[in-house]
Each structure stands twice: as structure tokens, then as C-alpha cells.
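The structure under discussion appears below in the form of C-alpha cells.
All of the numbers you see were taken from the coordinates with simple rules; none came from a lab. This structure is a prediction, so every number in the text was calculated from the model and none was measured. All Cβ positions, glycine included, derive from the backbone under ideal geometry; neighbour counts span all protein chains shown.
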Amino acid sequence: MINKNVEEALNVQVQAEFSSAYLYLSMAAYCESISLPGFAHWMRLQHEEETAHALRLFNFVIDRGGHIDLRAIEKPVGSFESPHKMFDEVLAHEQLITEKIHNLYALSVKENDYPTQVEMQWFISEQVEEEKNAGGIVEQLKFVGDSSSALLMLDREMGVRLTEAK
Ligand code: OFO
């Protein structure tokens, strides 16, 4: 049987992952609105990936005999100053999610919940990847600066993101 404190924290994390999905879907809409279909494609895939994260935790709680208690998802931000500012927000958001995952891992250690520790190890590695990806794009956008032709080239590159949802 799953520890009640861990169960509560996992339910909160399900909400955080769905909130991430919703945020990236909102960012996809923003990218479409400023005619950057490659960035929008990247955001749509990110939305799928976050939904898969939420469902992974959802299934984990159920597999452990726990109770799912879905929370409300807040309205996400809908417009951004620029693609660069948007990606600064992506990176900051992923850093926040990393902190939440680390806290969940620490709680599972405190509560001697070994299966959750194993599950959180997957998420800990995933967050390394998430921060690396977002940070890499922030760096590229720094190079792009005010050049619209460089931005269009980067948009083309973003449009070929093939990464499957994990
Ligand atoms: Fe679920 O990794 Fe991003 O938020």
C-alpha cells in the first residue's frame, strides 16, 4: 500500500505535469500566431511528452493501489514578449519541475517508499534532459538576437524535432 504523504505528493505532481502540458500547448498557439510553425511543432511535441509524464504518474499511483485525486489546472500564460523570452520561461519552468521532482524523491526516501524512489529516478534523469534541451535553445536564441533570418533558420530546425513522447 502506498504511503499517504507520498500519494498526496504524487497527485500534486500529476497536476504539475498536466500544467506543463497545458503551458506548452499555449506556447504552441503563440508560436503559430507569430508564424513560427517549427517552434509550434516543438511545443506540440513537448505538450505530448508532458501528458505522457502525467499519465505515467497517474498509472503508477493506480498500480500501487493508491487513490487518484485530480486537481484543477490553472489558465496558462498566453502571450510572450518574444520567442527568446518564451524559452527563458520554458527553462525556468523546467528548473521548477526539477525541484518538485527532487522534493518528491526526498519525501520517498524519508517515508521509506522504495518503489517511488525507483520511479523518481526515471524523472530525475528526464529532468536533466529537459533542462539541457531548453537551455540549448535559449543559448541558440541568444545567437539569433534580432536577426529574423536566423530565427527562420532556427524555426526550420525546430520543425524537424522527432523526439517521441516519453
Ligand atoms: Fe515533465 O518534464 Fe517538463 O515539465
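List of remarks:
- Spatially near lysine pairs across region 4-158, Cα under 29 Å, sequence gap of 8 or more or different chains: 15
- The alpha carbon gyration tensor of the chain gives principal lengths a ≥ b ≥ c with a/c of 1.5 or higher and a/b greater than b/c, which makes the shape prolate.
- Charge context of residue 73, other residues only, Cβ under 15 angstrom, K/R +1, D/E -1: -2
- Packing here is the average count of other Cβ atoms within 10 Å per residue, and on that basis the peptides 52-58, 120-126, highest first, run 52-58, 120-126.
- Among residues other than residue 16 with Cβ under 12 Å from its Cβ, the summed charge is -3 (Lys and Arg +1, Asp and Glu -1).
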